[in-house]
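Please read the structure below before turning to the comments.
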Amino acid sequence: MSRPLLLVSLLLLMVFTSQFEWNQHIVNEVEARPLALSQKQQYILEREESVKEKIILSQEKHIQKLKTLVQNLQDQLVACRGKDDKSWSNQDCFLCVSTEEF
């Protein structure tokens, strides 16, 4: 009778230790996942930030081009208004500016 009792107790001991090992393994995986997700999220955030910076730089270039165009148009308008021929109307000056620019 002592031998079957010993075998049952060993079997129970193996079951409990294997359960403990499985639980440890699962806990380790769960703890590792947020770290992996965190790194992935960090990468995504960095990419988003990079794209935002590129968009901002592109918009700044467009704004600078528009400012230059506006300045040129203003200069041309002043030049049209300053002509000695007083028979020009504002519409003629506008046509002068628009045809010279394009």
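The values are calculated or read from the model by the stated rules, or taken from the named source; none is laboratory data. Just so you know, these numbers come straight off a predicted model, no measurement behind them. Note: ideal-geometry Cβ built from the backbone for every residue, glycine included; neighbour counts use all protein chains shown.
The residue of segment 85-102 that is modelled with the highest pLDDT, among those that are in a loop (DSSP other than H, G, I, E, B) and of a type in the set (Ser, Thr, Tyr), is Ser89.
Residue-wise test of (1) out of contact with any strand residue (DSSP E or B) (no Cβ under 6 Å at 6 or more places or on another chain); (2) at pLDDT 80 or above; (3) assigned to a loop (DSSP other than H, G, I, E, B).
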position	(1), (2), (3)
Met14	yes, no, no
Ser18	yes, no, no
Ile26	yes, no, no
Lys52	yes, yes, no
Leu57	yes, yes, no
Lys65	yes, yes, no
Asn72	yes, yes, no
Ala79	yes, yes, no
Lys83	yes, no, yes
